[in-house]
Amino acid sequence: MRLAYLECFSGISGDMFLGALVDAGVSAKLFEEAVAALSIGARIEFSRVNRSGITATKVDVYLQGEKDRPREKDTHDHHHEHGHRHDHAHEASSRAGAPAPHQHEPHQHEHGRGLKEIRELIANAGISAAAKTTATAIFENLGAAEARIHGIDSEKVHFHEVGAVDAIVDIVCAAVGFEALGVDELICSPLNVGSGTVECAHGTFPVPAPAVVELLRGAPVYSSGIQAELVTPTGAAIVKTIAARFAEFPKMKMEKTGYGAGTHDFHGQPNVARLTIGEAATKLAAKTAQESISVLEANLDDLNPQVFGYVMDRLLEEGALDVFGMPVQMKKNRPGTLLTVLSKPEDAAKLIAILFAETTTLGVRRREEQRQVLARKWVTVPTQWGEVRMKIASMNGTVTNYAPEYEDCRKIAAEKHVPLKSVMQEAVQKYLNL
């Protein structure tokens, strides 16, 4: 299993990610061709620079023959149908590593591109279908963050002409370059977001900027104290979309490394992002994916059994990955039940609240664990009574397990008055004959 590890110890921006890709071996010509295929009057150039002793690749975007302005002086304006303009300070058009506080000056040009126009532009570009899907997803995440900030529909978010072009180049090239890496998984480090403040049309905001905060929900972040805006919304949107997970440096056999440079050269802090490519070191990691889950537990000895069944159903409806009970002998020799809930970390607080509200427990234990999971997908098969979904699990592309979805089979059995086992058996046979 090939891995890529992105280290954001000095933040991340679109141009830093592109520079790291090129430095790690992705062809610069591939990016030039992708930009040309967009037909938006832009071109991209690469140079070698030094950042606090580290040689890295620097990316610059030119629009109609002129180099884009430094990120700390650029802007993109957001507006919607009611005519209210959002001269927001960051962002998709700003390069990482801008000292803070700083003033983002509103641009006088009113023309902008909305998500609909950007989707069409990407759809018509001469790049692969996979790259189009990734690029569109990145822009939609960026637009959704802006929409939440301004309280408008994401379709009404517009990016200023200069900012939109710069962001389109960064995002489309990021998608094309990520595909060219040929890795199975990109893992991202915790992100150094910087510190200080940002001056924008709506007032003074602390770093990280509002859009970055929205985009990095659930991601591990920190500040090393540098008075600068280190993570741009474009960089955050790229990481949010393509990173499979956030973790420390994985076990791997390292093959190559690339450094992408930010605009500024900080004293004693290399303003670069590092991308390391290699093969997963363990056999287990090469065959399964790893993810973090929360394990919630509560001991119950005075709960009505009817309520217990209701609680299990409620937890599953609210997003629990699994719920199960085990008989235990509690204090004073009372028989009880150990209720265990597996959940995504972001759902744990909600599920704990349900446990307190619906059961008699006075305390819930919580711990975080790692689990290895097989790749899985759904396949629908026809039976003589109706369609049934089959859950297919695979390892390294080879199917290892398959099973009919119980709820589909139960519904058919009840409606058609046939034995449940007959429905399940026929679903399996139909899958094997595909």
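What the table below lists for this structure:
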quantity: Single residue of the range 379-434 satisfying the filter (among the small types (Gly, Ala, Ser) and at negative phi) that is modelled with the lowest pLDDT; calculated: 394
quantity: Residue pairs meeting the criteria (Cβ under 9 Å; at least 6 apart or on separate chains; first free of Cβ contacts under 8 Å to residues at least 60 places away in the same chain, in the range 122-141; second open to solvent by 10 Å² or more (accessible area, probe 1.4 Å) and assigned to a loop (DSSP other than H, G, I, E, B)); calculated: 124/39; 135/127
quantity: Residues (of a type in the set (A, V, I, L, M) and in contact with a Gly (Cβ under 9 Å, 6 or more places away or on another chain)) located in the range 321-361; calculated: 328, 330, 338, 339, 351
quantity: Residue 345, sole failed condition from (1) at pLDDT below 95; (2) touching a strand residue (DSSP E or B) at 6+ places or on another chain (Cβ under 9 Å); (3) open to solvent by 60 Å² or more (accessible area, probe 1.4 Å); calculated: (3)
quantity: Some residue of the range 380-400 being free of Cβ contacts under 8 Å to residues at least 60 places away in the same chain, of a type in the set (A, V, I, L, M), in contact with a Pro (Cβ under 7 Å, 6 or more places away or on another chain) and over 26 Å from residue 296 (Cα atoms); calculated: yes
quantity: Scope the range 35-56; condition in contact (Cβ under 8 Å) with a residue 60 or more places away in the chain, within 24 Å of residue 186 (Cα to Cα) and in contact with a Gly (Cβ under 8 Å, 6 or more places away or on another chain); matching residues; calculated: 56
quantity: Residue, most open to solvent (accessible area, probe 1.4 Å), within the range 206-248, restricted to residues that are over 17 Å from residue 264 (Cβ atoms) and in contact with a His (Cβ under 9 Å, 6 or more places away or on another chain); calculated: 210
quantity: Scan of the range 53-67 for residues that are open to solvent by 20 Å² or more (accessible area, probe 1.4 Å) and either at pLDDT below 90 or within 12 Å of residue 273 (Cβ to Cβ) (or both), ordered by number; calculated: 54, 62, 63, 64, 65, 66, 67
quantity: Residues within the range 124-151 that are among the aliphatic types (A, V, I, L, M), open to solvent by 10 Å² or more (accessible area, probe 1.4 Å) and either closer than 19 Å to residue 242 by Cβ or not in a helix (DSSP H, G or I) (or both), tallied; calculated: 5
quantity: Residues (farther than 21 Å from residue 259 by Cα, in contact with a strand residue (DSSP E or B) (Cβ under 8 Å, 6 or more places away or on another chain) and not β-branched (Val, Ile, Thr)) located in the range 26-42; calculated: 36, 41, 42
quantity: Selected residue (only one of 377, 416 is more than 30 Å from residue 307 (Cβ to Cβ), basic (Lys, Arg) and within 30 Å of the chain's Cα centre (by Cα)); calculated: 377
quantity: Of all residues making up the range 369-383, the number that are in a strand (DSSP E or B) and open to solvent by less than 100 Å² (accessible area, probe 1.4 Å); calculated: 10
quantity: Every pair of residues 6+ apart whose Cβ atoms lie under 6 Å, when the first sits in the range 316-329 and is among the acidic types (Asp, Glu) while the second is open to solvent by less than 70 Å² (accessible area, probe 1.4 Å); calculated: 322/342
quantity: Residue within the range 73-84 that is at pLDDT below 50 and in a helix (DSSP H, G or I) present; calculated: yes
quantity: Top-ranked residue of the range 387-428 - restricted to ones that are touching an Asp or Glu at 6+ places or on another chain (Cβ under 8 Å) and outside any helix (DSSP H, G or I), ranked as farthest from residue 1 (Cα to Cα); calculated: 387
quantity: Count of the range 285-328 residues which are part of a strand (DSSP E or B), open to solvent by 30 Å² or more (accessible area, probe 1.4 Å) and small (Gly, Ala, Ser); calculated: 3
quantity: Subset of the range 223-266 (residues that are under 20 Å from the mean Cα position of the chain (by Cα), among the polar types (S, T, N, Q) and closer than 21 Å to residue 57 by Cβ); calculated: 232, 234
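The values are calculated or read from the model by the stated rules, or taken from the named source; none is laboratory data. Everything quoted here is computed from the prediction, not taken from an experiment. Positions of Cβ are generated from backbone atoms using ideal geometry, with glycine treated the same way; all protein chains shown enter the neighbour counts. The accessibility values were calculated without ligands, DNA or RNA, using every heavy atom of the protein model including side chains. Shrake-Rupley method; radii C 1.70, N 1.55, O 1.52, S 1.80 Å.
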